[in-house]
Structures are given as C-alpha cells and as structure tokens.
Amino acid sequence: MTPSPLPVIRLMPKTSPTGVRRGVPWLYDNELVMDRRTKALAPGTVALLEDANREPLALVAVNPTSRITARVLDLDTSQTIDRSWLIARLRRALELRETLFDAPYYRLIHAEGDGMPGTIIDRFGDTCVIQPNAAWAEVLLDDLAAAVAEVTGAAHVLKNASGRARSLEGMDDASAVLIGAAPDAAVPVLMNGATYMADLTGGQKTGIFYDQRPNHAFAARLAKGARVLDVFSHVGGYSLAALAHGAESALAVDGSEPALTLAQNGAAAMGMDGKLETRKGDAFDVLEALGQESAQFDVVICDPPAFAPSKKALEAGLRAYERTARLAAPLVREGGYLVLCSCSHAADMEAFRRACLRGIGRGLHGSGRSSQLIHTGGAGPDHPLHPHLAETGYLKALFFRL
C-alpha cells in the first residue's frame, strides 16, 4: 500500500473502530493517541485516521486544541479534501434543497447532517452566509466560498463568525465579506406567506432561523382570527406567519430593539403593520406583567434561546423552560394553544417535555384546566439529522391545547 501523504493519527487500542465505520462523526481526545506529533498538528489539518492495527479508517479534520479532536470528513480514504470535494458535497446538498423548496431561501449546509462537520451555510437568494465553526472550514474558507459561488451561482458570499462553537475551536470572531459585497439593508425572505427581514451582517446567527419554518406553518394553522402572543420573537418568526394566515393581532416580545424593528418592517412589507404590536423587555418580566394584567391570548408561543447549551447548564436550563411554561400557560384562553420550543442540544425531547408539563401544571393549578399535546415538531428538512449525532436534532417544538 502506498503511504498516505497526509499526517496519520491513530485510535487508542481501547477505542473500537466500529463506530467510525458505521458513521460516528466525532472523535474525542481520550479516544486518540495524543502523541507529540498529533498535538503539534495545526488546527484544521486534514489527516488519515487509522485504527490501533494501522488500518485506514477515514479522512478527518484535526484540532488538537479542541475536545472534539477529529471530525470525520470522508470514509473513502482515497479522496482528496479540496475544492472539487467541496463542490461535490455542495451539489449533493443543493439537489435536496431544490427538491424541497421553490425559492432559494434555506439552509444549504447543516454541518454533520450534510457531511461538512461544523459548517453552516444559509442561502438568501443571491447571497450565502457561511459559519465556519470548525477549524478545517476556516483553513479551506477561500476554496469553500469559491465552491459555494460556483455551485449556487450566488454573487455574494459572507462569513459570519459569531458562533459560540468558534471559541471552543480556538478561532476568532471576525466576520468578513468573502465574495461580492454585503447587503446595505435587511434582505426580505418570503416563508409561509409572510415576509421576514433578515439582517445578514448585524443580526443573530446568519440573520434568520430557517429551522422553525415548519413549526411557524403549523402554528399559523391555529391562528386564524386569533390574538397571538409571540415571546422571544426575534424578527417575528411566529407572529408574522400567524398574521399572514389570518390572525387578528399579534404581540411580539423580545429583548432586542433591532430585532423588533425588523419584525415591524416585515409586517409593514405585508401591509399588516397595524396588526403587529411589539414590546421590548426581558421575556420573563413581560410574561409576569401580562399575567398581572390578566391578559388572555388565543395562541401563545415561547421560542427562547438555548437555556441549556451544554450538559453543565442542563438543570438550570430545564428550570428555565419550566418557568417559561408556568408563566405562559395562564395567558392562554380556555381552548387556546400554547407552543413551547427549545433549541438546546443538551436537553433531549423527553427532558424538555417533562419540564414543560411541570410548568403547565403549576401555571394552571387550581383552574380545573388540563392540557393536550397535539403536535411535536422539529427542524425543517433543510436541517437533516445525522443519525449518529443527536446534536443535529436540537430543535423541539411542543404544541399544547389548554
């Protein structure tokens, strides 16, 4: 066998290669021989992974500074990780999105779910935004941007470096324009009959949360003629979809004034600015204030940021989800609907559901009311799950009738 030109890293003798052969995408530092040569590899180096018997297993991206020391790029060790390889991955991903969507507004690459670990690419028409959250994607960023432009035809490719994962990989937070130019205004995005305004350079993440698209649509089906409360609304994800499907009114609550302005601009673009009210403030404070006002809504949605972004934060996060449910449930009129969401990797569906049910039970205590769980939602199909990586199935949405 011809020796590989790539550096070689090796599994510890106690680490079974079976997982890698079956598709497990991550290898931690305690599963690998962390000798001097491996520790000296520059973050983002592509290496050949061998088992303890020196049999080739996969091509991996190495970052000795990260707990996730190796990310599997390809099980075919004869491949070369270059622009052509990137183009092939992108074309495969694009084929799925063009099957699913009529317009070029979607998540194009969902990290491990699309075979490009730690890499997010969202598409906004002729602009694509890359989040290179793993060191290998940063190293190959010029090739990646060129490949994205070639495959999609996008005129503009931006780098968003705001992801929390970048700091875990030892990378900076410097965003940049890679190809073309940054838009000089928010970009309108049409979804579920609503118009959203996405700030691609100063907004959260890449500018909009495509993952909630199917949950927005389901909530909108419940909202005809309804008074809607959308808490942690960001740019009006749930409230604008509800208005597009006949809601009487919507109140969007968020801590970010720029996000609420974008929500108002979206409503104005739909000709519905008179039906959207916004309230800036801490979500818990606003929920408590609405409770003291005895406010009632037909549909209440709470879509908070990740309260449990890590296992260390899990217990505190579950308490926060329970508190959200407790404060939100009394605001739902009898026979109305409560939507509770979580984007926490660390909180699985069962733990999240239990926390929500505890909160609903406490919030409705003494009222004689009960709850029905009518629908469970996840991310849209442009966020494919990696079957061996629970983190790719992070989004959870529970729809209750109270």
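The values are calculated or read from the model by the stated rules, or taken from the named source; none is laboratory data. Note that the structure is predicted; figures quoted are calculated from it, not measured. Don't worry about glycine lacking a Cβ; one is built from the backbone with ideal geometry, like all the others, and counts go over all protein chains shown. Just the protein is used for accessible areas: all its heavy atoms, side chains included, with ligands, DNA and RNA removed. Shrake-Rupley method; radii C 1.70, N 1.55, O 1.52, S 1.80 Å.
For the reader, a short list of remarks on this structure follows.
- Listed residue (Leu222, Gly281, Ala259) projecting farthest to the positive dipole end of the chain, Cβ model: Leu222
- In segment 215-306, the portion of solvent-accessible area held by carbon and sulfur atoms comes to 46 percent [1.4 Å probe, whole percent, DNA, RNA and ligands not counted].
- Net lengthening on full extension, Ala295/Glu350 (0.36 nm per residue, minus Cα-Cα): 16.8 nm
- Computed E for Ala390/Glu98 - FRET, C-beta separation, R0 35 angstrom, nearest 0.05: 0.80
- Sites matching GluC sites (Glu not before Pro) across segment 291-371 that sit in DSSP coil, with at most 13 neighbouring C-beta atoms within 10 Å: Glu293
- Trp136 accessible area, 1.4 Å probe, all protein chains in place, Å² to nearest 10: 10
- Gyration tensor (alpha-carbon) shape descriptor, segment 35-164, a/c threshold 1.5: prolate
- Loop-located trypsin sites (Lys or Arg not before Pro) in segment 37-100 (DSSP state other than H, G, I, E, B) with a sparse environment of at most 11 neighbouring Cβ atoms within 10 Å: Arg54, Arg67.
- Of the accessible area of segment 9-101, computed with a 1.4 Å probe over protein heavy atoms only, carbon and sulfur atoms account for 47 percent.
- C-alpha long axis of helix 349-363 to longest principal axis of the chain, angle in °: 20
- Segment 261-327: C-alpha gyration tensor shape, a/c 1.5 cut-off, then a/b vs b/c: oblate
- With all protein chains modelled, accessible area of Phe218 [1.4 Å, Å²]: 40
- Spacing of the modelled spin labels on Gln79 and Ser310, each 7 Å from Cα toward Cβ, amounts to 3.1 nm.
- Three-way shape label, segment 153-209, alpha-carbon gyration tensor, a/c 1.5: oblate
- Accessible area per residue in Å² at 1.4 Å probe, computed on the chain: 43
- Per residue, the average separation of C-alpha pairs within less than 8 Å and at least 6 apart gives the chain a relative contact order of 11 percent.
- For the chain: lysine pairs under 30 Å (alpha-carbon distance), excluding those fewer than 8 apart on one chain: 24
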